[in-house]
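Enquirer: I have a structure I would like to understand better, so I am pasting it below and will then ask my questions one at a time.
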Amino acid sequence: MFKYRAKITKGAEIRYISHLDYAGVMERAIRRAKLPAAYSEGFNPHLKLAFASALSLGVTSEAEYVDFELTKNLCQPEVFDKLKAALPDGVKLLKLKPVKEPKPCKGKKHKALMAEVEEAVYEVFAPLTGDWDKAAAVIKKFNAAESFTVHRVTPKQNKEIEVKQYMLQPVKLSMCGDLVKLDMDIALTQSGSVKPGEVLDGLCQQYELPVEYKRALIHRKEMLGQGKPLIDLV
Amino acid sequence: MIINLEPEVLQAVEKPARYTGHELNAVHKEWDSVGCHFALALPDVYEVGMSNLGLKILYEVLNRREDTACERVYAPWTDMEAIMRDRNIPLFGLESFHPIKEFDFLGFSLQYEMIYSNVLNMIDLAGLHIWSKDRAEDEPFVVGGGPCVYNTEPIADFFDFFIVGEGEELICEVAENFIQWKNAGRQGGRQGFLRQLAKLDGIYVPSLYNVTYDKKGLFKAIEPAVPEARPVIYKRLIKDMDSVPFVEKPVLPYIGVVHDRIMLELFRGCTRGCRFCQAGTSYRPVRERSKDHLRELARKMVDATGYNEMSLTSLSSADYSCLGELVDDLFKDFEGEKVSFSLPSLRIDSFSIDLAHKMQQVRKSGLTFAPEAGTQRLRDVINKGVTEENLLEATSAAFKQGWKQVKLYFMMGLPTETDEDIVGIAKLAEKVVRKYKEVTGKWGVTVNISVSCFVPKPHTPFQWFGQLPKEEFERRQRLLKDSITERAVKFGYHDARLSVIEGAIARGDRRLSQVIYQAWADGAKFDGWSDLFKNEVWHEAFKKCGIDITEYNQRTRSFDEALPWEHTTPGVSRDFLMREWQKAVAETLTEDCRRGKCSACGVCPSLKAKIVDWRRENV
């Protein structure tokens with residue numbers, strides 16, 4: 001098997017499809033590209049795809065990562081060109097690298113993509129509804145806070161999440177045209193993480209951050225492991 | 001104007017990708033570059049609409065024309081509808097995001113009667129006048145097509161015109177005529193265009209007719225009011241399935257839809273002659289695509305989508321004359337590409353089981369058969385040429401191949417049905433359970449029986465027959481439930497309340513448009529979704545309009561009565577339907593004309609059509 005890692009986007013056109021549907025988009029694109037894809041065993045063979053981290057519905061990204069396997073060792077330009085040509089609106093292929101496996105004598109495999117990712121960088125944009133100074137004060141207070149808790153309510157569970165443990169850098173506030181921009185650098189750990197939307201929601205509800213939460217747009221800028229973009233780990 | 005949906009709208013609704021378009025193979029054309037804008041609608045949610053084969057075909061046929069742009073539109077779910085009404089967002093096309101009001105045509109695929117409330121709701125959401133007579137010169141023409149055109153009368157007053165029969169050729173003629181009329185300065189206005197259209201074979205313009213009723217209030221006649229209108233509109237039909245365009249680049253949905261796979265249409269028509277079946281009379285005669293053409297189409301669709309599943313669709317796919325060879329060839333063509341194939345319906349015989357086994361390979365999810373009635377007597381009445389032995393042989397073959405789950409479809413309320421026939425359903429299902437024990441030596445099978453309430457449909461031999469009242473359906477459902485003693489038999493049935501309303505509308509006349517309007521105005525929509533169906537609203541609507549619903553659903557018509565649906569016809573003659581009714585009562589069978597004797601249904605001579613069956617051709 002020959003593994004490749006692709007850095008791809010999730011554009012505005014498809015921001016409202018789920019992670020599972022996004023995976024389906026990639027699976028069908030690889031099939032259309034007529035790449036010699038490797039399939040799982042079993043009654044219902046599936047293309048072997050692995051993503052770094054699921055993106056929430058509504059969030060765009062310029063740094064999604066997917067590993068896939070081929071049964072033939074094709075050269076990088078061939079795989080790149082074929083895959084690029086088969087992608088639909090909203091997915092762009094930015095980079096592609098073959099994944100170098102460690103020397104076989106060691107009996108080890110390259111770490112799974114999901115285990116490599118440690119950090120995600122986001123930009124959050126939202127219309128300002130009040131005073132800039134108030135917004136700046138809220139962010140300052142958040143950055144200085146010892147802890148900050150948000151509630152995650154899903155059909156299955158109602159959970160409290162301590163946010164600050166995941167904030168790798170202070171949140172940076174700026175203006176971008178008419179919109180407020182918040183830069184967030186969030187840790188993705190084996191035991192959990194927090195979503196940028198949850199942080200924003202918490203800031204609005206608990207600290208009265210003067211932005212229009214419902215009209216916020218969130219964008220993922222990069223995903224890193226050991227401080228490097230995931231594409232540079234292979 | 002272009003509709004721009006704000007994130008706060010999309011974030012607030014379930015499955016926002018229903019409304020955001022941009023799917024692979026969707027066709028985007030420069031708005032001003034074409035002379036005709038056609039919106040094709042299916043009045044149900046996106047996932048249902050995106051699964052309709054007829055609309056996929058018409059979408060490609062229209063978009064292959066340089067002068068026409070065709071877009072898709074589906075019924076917004078109730079959450080989205082509430083926001084659209086609140087913010088005055090009109091219904092829009094999924095390609096250009098232009099409001100539907102800016103299109104030239106809004107075409108509805110009409111799959112069954114209980115979707116009519118959604119049709120009205122979509123017309124309203126688009127900002128058009130509900131009644132065709134009120135529509136202004138600049139509003140789109142509202143056009144209907146699909147199975148419901150064989151009785152358009154209950155919705156005739158909402159539509160500007162109907163396309164009767166197969167639309168691939170006719171819809172292009174409509175577009176051409178429209179562009180000519182538009183370029184010539186829209187002569188005669190809307191009515192001028194409609195009168196011109198009425199001259200085309202297969203076009204029905206309801207406003208060009210006068211309807212009369214007799215003293216007792218029964219439908220008497222529908223007569224042309226202008227020379228262009230024809231007294232009888234015969235359906236359009238494609239004579240050569242290999243020469244007509246089919247889907248090559250289906251729009252690929254991003255989200256899971258009901259039929260999320262390639263649909264390869266093997267043939268049209270089914271002449272097995274089941275007497276309850278409207279599809280059986282309305283798609284005649286059988287016309288097959290050639291095997292090589294199908295292989296070509298299959299290759300194009302796989303390459304264009306990347307789908308790894310393909311359904312070989314038709315009314316009775318196992319009847320395709322070269323099915324065995326076709327499946328072998330498809331297996332070869334797609335070897336190594338991990339494409340799986342399926343048949344949507346199985347014939348009750350071992351040929352079908354062997355084929356299903358070959359196609360499913362290892363996954364054995366469950367097999368579905370439709371014996372339709374519980375006793376041989378009643379199966380003879382409906383001309384379902386299947387015996388108990390056939391079913392037991394077929395299921396026994398399936399059990400030997402490893403299947404453990406069987407679904408059996410039945411109907412309740414068929415003409416001449418007695419309690420014995422109802423109990424017969426339970427007995428038959430239990431025989432299948434025992435067959436499993438006999439074949440495998442084990443217990444552990446599940447036999448699901450699904451029983452629907454029979455709705456007599458126009459242009460079938462049962463079109464005169466009075467439908468059962470709701471209470472009687474429910475009594476028979478209880479009787480059946482009590483007759484099942486075997487735990488392996490699981491019983492599911494349809495909501496009789498819905499079936500009796502469907503029964504009224506299916507054989508309704510133009511006066512029912514008031515009832516449909518009233519029901520919609522009082523909140524009926526998505527009636528086919530059991531949690532949204534408002535039974536009371538419908539009955540209230542009948543009352544408010546002073547119409548007795550039982551006159552339409554329960555009343556048995558006499559043979560000399562004029563019927564309000566006979567002017568839009570699939571070409572099957574009244575004489576044939578009457579003969580078939582008499583044979584039904586006499587419990588005698590009629591042969592399949594595909595290879596057996598012609599039963600003189602009248603379709604071939606009246607439409608100048610002929611059967612295309614490749615095995616017959618090659619004999």
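Enquirer: Restricting the search to segment B:484-525, which residues are more than 17 Å from B:Gly546 (Cβ to Cβ), small (Gly, Ala, Ser) and part of a loop (DSSP other than H, G, I, E, B)?
Expert: Across segment B:484-525, the qualifying residues are B:Ala488, B:Gly523, B:Ala524.
Enquirer: Given (1) within 14 Å of another protein chain (Cβ to nearest Cβ); (2) not in a strand (DSSP E or B), identify the lone condition not met by A:His110.
Expert: Against the list (1) within 14 Å of another protein chain (Cβ to nearest Cβ); (2) not in a strand (DSSP E or B), A:His110 comes up short only on (1).
Enquirer: I would also like to ask the following. Would you mention how many residues in segment B:568-589 are assigned to a loop (DSSP other than H, G, I, E, B) and crowded, with 22+ Cβ neighbours inside 10 Å?
Expert: The total comes to 3.
Enquirer: Could you list, in sequence order, all residues of segment A:1-46 that are among the polar types (S, T, N, Q) and either outside the structural domain of A:Val91 (by TED's automatic domain parsing) or touching a Gly at 6+ places or on another chain (Cβ under 9 Å) (or both)?
Expert: A:Thr9
Enquirer: Also, quick follow-up: Between a residue in segment B:502-527 that is closer than 19 Å to B:Thr568 by Cβ and any residue that is of a type in the set (Asp, Glu) and surrounded by fewer than 24 Cβ atoms within 10 Å (Cβ to Cβ), which pairs come within a Cβ distance under 7 Å, given they are 6 or more apart or on different chains?
Expert: B:Arg510/B:Asp157; B:Ser513/B:Asp157
Enquirer: Suppose the filter is surrounded by 14 or more Cβ atoms within 10 Å (Cβ to Cβ) and within 21 Å of A:Ser56 (Cα to Cα); does A:Ile186 pass it?
Expert: Considered against the rule, which asks whether it is surrounded by 14 or more Cβ atoms within 10 Å (Cβ to Cβ) and within 21 Å of A:Ser56 (Cα to Cα), A:Ile186 comes out as yes.
Enquirer: Another question, then. In segment B:302-317, which residues are within 14 Å of another protein chain (Cβ to nearest Cβ) and part of a helix (DSSP H, G or I)?
Expert: The answer is B:Val302, B:Asp303, B:Ala304, B:Thr305.
Enquirer: Checking A:Val150 against (1) loosely packed, with under 12 Cβ neighbours inside 10 Å; (2) in a strand (DSSP E or B); (3) not acidic (Asp, Glu), which test does it fail?
Expert: A:Val150 satisfies all of (1) loosely packed, with under 12 Cβ neighbours inside 10 Å; (2) in a strand (DSSP E or B); (3) not acidic (Asp, Glu) except (1).
Enquirer: Just give me the residues in segment A:40-63 being assigned to a loop (DSSP other than H, G, I, E, B) and more than 20 Å from A:Ser193 (Cα to Cα), in sequence order.
Expert: A:Ser40, A:Glu41, A:Gly42, A:Phe43, A:Asn44, A:Pro45, A:His46, A:Lys48
Enquirer: Does B:Arg299 satisfy being within 14 Å of chain A (Cβ to nearest Cβ) and at pLDDT 95 or above?
Expert: yes
Enquirer: Checking the condition touching a Ser or Thr at 6+ places or on another chain (Cβ under 7 Å) and buried (at least 16 other Cβ atoms within 10 Å of the Cβ), which residue from A:Ala120, A:Ala135 passes?
Expert: A:Ala120
Enquirer: In addition: Condition test on B:Asp138, is it modelled with pLDDT of 95 or more and surrounded by fewer than 22 Cβ atoms within 10 Å (Cβ to Cβ)?
Expert: Yes; evaluated as a whole, the condition is true for this residue.
Enquirer: So, in segment B:26-54, of the ones that are outside any strand (DSSP E or B) and among the small types (Gly, Ala, Ser), which residue ends up farthest from the other protein chains (Cβ to nearest Cβ)?
Expert: It comes out as B:Gly35.
Enquirer: Has segment B:326-342 got at least one residue that is within 24 Å of the chain's Cα centre (by Cα) and surrounded by 17 or more Cβ atoms within 10 Å (Cβ to Cβ)? Give the steps one after another, and end with the answer.
Expert: If we filter segment B:326-342 for residues that are within 24 Å of the chain's Cα centre (by Cα), which is where we start, we get B:341-342.
Within this subset, residues satisfying the condition of being surrounded by 17 or more Cβ atoms within 10 Å (Cβ to Cβ) are B:341.
Within segment B:326-342, one or more residues are within 24 Å of the chain's Cα centre (by Cα) and surrounded by 17 or more Cβ atoms within 10 Å (Cβ to Cβ).
Enquirer: Return the residue satisfying two criteria in turn: it lies in segment B:3-25 and is more than 22 Å from B:Asp260 (Cα to Cα), within 8 Å of another protein chain (Cβ to nearest Cβ) and assigned to a loop (DSSP other than H, G, I, E, B), and of such residues it is farthest from the chain's Cα centre (by Cα).
Expert: Here the answer is B:Glu6.
Enquirer: Okay, next question. Give all pairs with beta carbons closer than 7 Å in which a residue from segment A:1-23 that is within 11 Å of chain B (Cβ to nearest Cβ) meets a residue that is assigned to a helix (DSSP H, G or I) and of a type outside the set (Phe, Trp, Tyr); count only pairs at least 6 apart in sequence or on separate chains.
Expert: The qualifying pairs are A:Tyr16/B:Leu10; A:Tyr16/B:Pro16; A:Tyr16/B:Ala17; A:Ile17/B:Ala17.
Enquirer: Name the single residue, out of those in segment B:252-285 being more than 14 Å from chain A (Cβ to nearest Cβ) and over 16 Å from the mean Cα position of the chain (by Cα), that is surrounded by the fewest Cβ atoms within 10 Å (Cβ to Cβ). Quick ask: steps written out before the conclusion?
Expert: Quick first cut of segment B:252-285, residues more than 14 Å from chain A (Cβ to nearest Cβ) only: B:258-259, B:263-285.
Now restrict to residues that are over 16 Å from the mean Cα position of the chain (by Cα): B:264, B:266, B:271-275, B:285.
Values: B:Leu264: 24, B:Leu266: 23, B:Thr271: 26, B:Arg272: 20, B:Gly273: 25, B:Cys274: 22, B:Arg275: 22, B:Pro285: 23.
So the residue we want is B:Arg272.
Enquirer: List the number of the failed condition for A:Leu217; all other conditions in (1) within 17 Å of the chain's Cα centre (by Cα); (2) away from chain B (no Cβ under 14 Å) hold.
Expert: Of everything listed in (1) within 17 Å of the chain's Cα centre (by Cα); (2) away from chain B (no Cβ under 14 Å), A:Leu217 misses just condition (2).
Enquirer: Among the numbered criteria (1) part of a strand (DSSP E or B); (2) among the acidic types (Asp, Glu); (3) within 11 Å of chain B (Cβ to nearest Cβ), which one does A:Asp89 miss?
Expert: Every condition holds for A:Asp89 apart from (1).
Enquirer: Look through A:Glu78, A:Glu64, A:Glu101 and report the one residue that is away from every other protein chain (no Cβ under 14 Å), surrounded by 14 or more Cβ atoms within 10 Å (Cβ to Cβ) and at pLDDT 95 or above.
Expert: A:Glu64
Enquirer: Moving on. Any residue at all in segment B:533-552 that is farther than 30 Å from B:Trp77 by Cα, of a type in the set (S, T, N, Q), at pLDDT 95 or above and buried (at least 22 other Cβ atoms within 10 Å of the Cβ)?
Expert: no
Enquirer: Could you check B:Gly324 against (1) in a helix (DSSP H, G or I); (2) more than 14 Å from chain A (Cβ to nearest Cβ); (3) modelled with pLDDT of 95 or more and say which number it fails?
Expert: (3)
Enquirer: Let me ask something additional. Of the residues B:Phe454, B:Phe369, only one is touching a residue at least 24 places away in the same chain (Cβ under 8 Å) and under 30 Å from B:Gly324 (Cβ atoms); which?
Expert: On inspection, the qualifying residue turns out to be B:Phe369.
Enquirer: Next question. Given the conditions (1) of a type in the set (D, E, K, R); (2) within 28 Å of A:Thr9 (Cα to Cα); (3) at pLDDT below 90, and given that A:Glu116 satisfies all but one, which numbered condition is not satisfied?
Expert: Unmet for A:Glu116, out of (1) of a type in the set (D, E, K, R); (2) within 28 Å of A:Thr9 (Cα to Cα); (3) at pLDDT below 90: (3).
Enquirer: Which of the numbered conditions does B:Glu372 fail, given that it passes all the others? Conditions: (1) at pLDDT 95 or above; (2) out of contact with any Cys (no Cβ under 9 Å at 6 or more places or on another chain); (3) not polar (S, T, N, Q).
Expert: Single failed check for B:Glu372: (2).
Enquirer: Taking segment A:24-42, which residues are facing chain B (nearest Cβ under 7 Å) and of a type outside the set (Gly, Ala, Ser)?
Expert: A:Val25, A:Arg28, A:Arg31, A:Arg32, A:Tyr39
Enquirer: Here's another thing I want to ask about it. Checking the structure you have, find out if any residue of segment A:116-131 is free of Cβ contacts under 8 Å to residues at least 40 places away in the same chain, over 16 Å from the mean Cα position of the chain (by Cα) and not in a strand (DSSP E or B). Give the derivation first.
Expert: First, the residues of segment A:116-131 that are free of Cβ contacts under 8 Å to residues at least 40 places away in the same chain: none.
The answer is no, given that none of the residues of segment A:116-131 is free of Cβ contacts under 8 Å to residues at least 40 places away in the same chain, over 16 Å from the mean Cα position of the chain (by Cα) and not in a strand (DSSP E or B).
The values are calculated or read from the model by the stated rules, or taken from the named source; none is laboratory data. These numbers were taken from a predicted model, which means no experiment stands behind them. Neighbour counts are summed over all protein chains in view; Cβ atoms, including those assigned to glycine, are modelled from backbone coordinates with ideal geometry.
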